[in-house]
Every structure is written in structure tokens, then in C-alpha cells.
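The values are calculated or read from the model by the stated rules, or taken from the named source; none is laboratory data. Note that this is a predicted model, so its numbers are computed, not measured. Because the Cβ atoms are built from the backbone with ideal geometry, glycine has one as well, and the counts that use them run over all protein chains shown. Side chains are part of the model used for accessible areas, which takes the heavy atoms of the whole protein and leaves out ligands, DNA and RNA. Shrake-Rupley method; radii C 1.70, N 1.55, O 1.52, S 1.80 Å.
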Amino acid sequence: MNISSDITVNEGSSVTLLCLAIGRPEPTVTWRHLSVKEGQGFVSEDEYLEISDIKRDQSGDYECSALNDVAAPDVRKVKITVNYPPYISKAKNTGVSVGQKGILSCEASAVPMAEFQWFKEDTRLATGLDGVRIENKGRISTLTFFNVSEKDYGNYTCVATNKLGNTNASITLYGPGAVIDGVNSASRALACLWLSGTLFAHFFIKF
């Protein structure tokens, strides 16, 4: 007879959903979270579904089912959207030689979707400025250098923002021989070659 409308809340809020049903015999009302793995979605067996301190993984569709064994259950759905501030899930340092194309990438999860900005030191970067291009597609923002020069090397800051807050990550564009996290990039390459050779020799001897 009556069911709550779709709702959008901020993470940490309390949510109450209502599902009223009538029938003879009186139906059993069950709430189930559909946006989880099969078999793990049971929530409650009551007309009211109360969620306190809601988390982002509790967003999605909730199904109310009314059943009294006389006929097939009557089913309705309510969607809960949970807003949360951005967090950057992927930001990787990138090495590239002078004259080559270089791309820095920054990935952030947020609801509503995050907006991105890029900075070098205190200077905000923009497409077309000093030969760079910024592209924002969904959760990912990229900063592209079409012709890397020495002055492009250094630390860049990716800032992700929505109405609930912001976060940032530092990403380094470096050249051959640069020391990143205490390890020389040339040494990294030699180590990779040595490891590849060792694995190949082990494979050759074994077979």
C-alpha cells in the first residue's frame, strides 16, 4: 500500500524505510539489499528498515517483498544513494625521457562524482598551458605532456573535490636516472632485467 521513495543521504546518516502491505492472511514483509552478493542480502523481516550510521557499501537497491502464500509475492524497490567525500585510489609516479609523451593519472572514488584539479607547486595547470592537456573521464583524470622537457620533471598534485570534501595526492614525473623513493630508476631497470634473466635461466634449466 505504501513504500518509501528513493532517497539520497550523506555517509554516517540514519535511514528509515517503510513498506506497508495488507492481505489475508496477513503478509510477511521482508527487506533485502540487492546490491550485494547473492545469499548475503537479507536485511530484516519487518515493515520498517532502519539503518544507522549508513556506509557507502550500503548504497543501492533495497527490495521489499510481501508474501502470504496465497499468490506470488508483491515486490517493490527503493534506491538509497550514499554520498561520501573523495578518496584517491590510484596515483602512480611515471618515468619518461625528454622529448617523449608522458601521462600522469589520478583515480578517485566519490559520490557525487569528484571534480579534479592539477597543480605544480602553487600553480594550477590548465589544458593548453605549457603544452599539457587535462582530461577528466568519470573517476579518472589524466595530465598529458606531449613533448616532455627538463622543466616538466617534478612533483604534481592531483586534487579531487566534491561537496563533502576534498583529498589530494602527489605524483612525480621523472626522467632516466632519477631517484624515486630512494631507488635510482636506472637501478630499477637493471634489477628488472636481472630478475627476468634469472627467471628465464631457471625455466631453461628446469625444462
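Scanning the range 112-125 for residues that are part of a loop (DSSP other than H, G, I, E, B) and surrounded by 12 or more Cβ atoms within 10 Å (Cβ to Cβ), we see that the one that is farthest from the chain's Cα centre (by Cα) is Leu125. All told, Val75 falls short of being surrounded by fewer than 19 Cβ atoms within 10 Å (Cβ to Cβ) and in contact (Cβ under 8 Å) with a residue 60 or more places away in the chain.
Against the numbered list (1) within 22 Å of Glu11 (Cβ to Cβ); (2) touching a residue at least 40 places away in the same chain (Cβ under 8 Å), Phe145 comes up short only at (1).
Residue-wise test of (1) over 30 Å from Asn83 (Cα atoms); (2) at pLDDT 95 or above.
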residue	(1), (2)
Gly131	yes, no
Tyr156	no, yes
Lys163	no, yes
Thr167	no, yes
Tyr174	yes, yes
Gly182	yes, no
Leu199	yes, no
Phe207	yes, no
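Of the residues screened, Val29 is not one that is free of Cβ contacts under 8 Å to residues at least 40 places away in the same chain and within 28 Å of Leu164 (Cβ to Cβ). Remark: Tyr87 falls outside the filter, which requires a residue to be in contact with a His (Cβ under 8 Å, 6 or more places away or on another chain) and of a type in the set (Phe, Trp, Tyr). Note on the range 80-111: residues that are closer than 18 Å to Val132 by Cβ, of a type in the set (A, V, I, L, M) and buried (at least 16 other Cβ atoms within 10 Å of the Cβ) amount to 3. The residues of the range 126-164 that are among the polar types (S, T, N, Q), open to solvent by less than 60 Å² (accessible area, probe 1.4 Å) and either under 11 Å from Cys106 (Cα atoms) or outside any loop (DSSP other than H, G, I, E, B) (or both), listed by number, are Ser141, Thr142, Thr144, Thr157, Thr161, Asn162.
Just one of the numbered conditions (1) surrounded by 13 or more Cβ atoms within 10 Å (Cβ to Cβ); (2) at pLDDT below 95 is not true of Cys19: (2). In the range 117-130, the residues that are under 17 Å from Val148 (Cβ atoms) form Cβ pairs under 8 Å with partners that are open to solvent by less than 60 Å² (accessible area, probe 1.4 Å) and in a helix (DSSP H, G or I), at six or more places apart or across chains, as follows: Asp130/Asp152.
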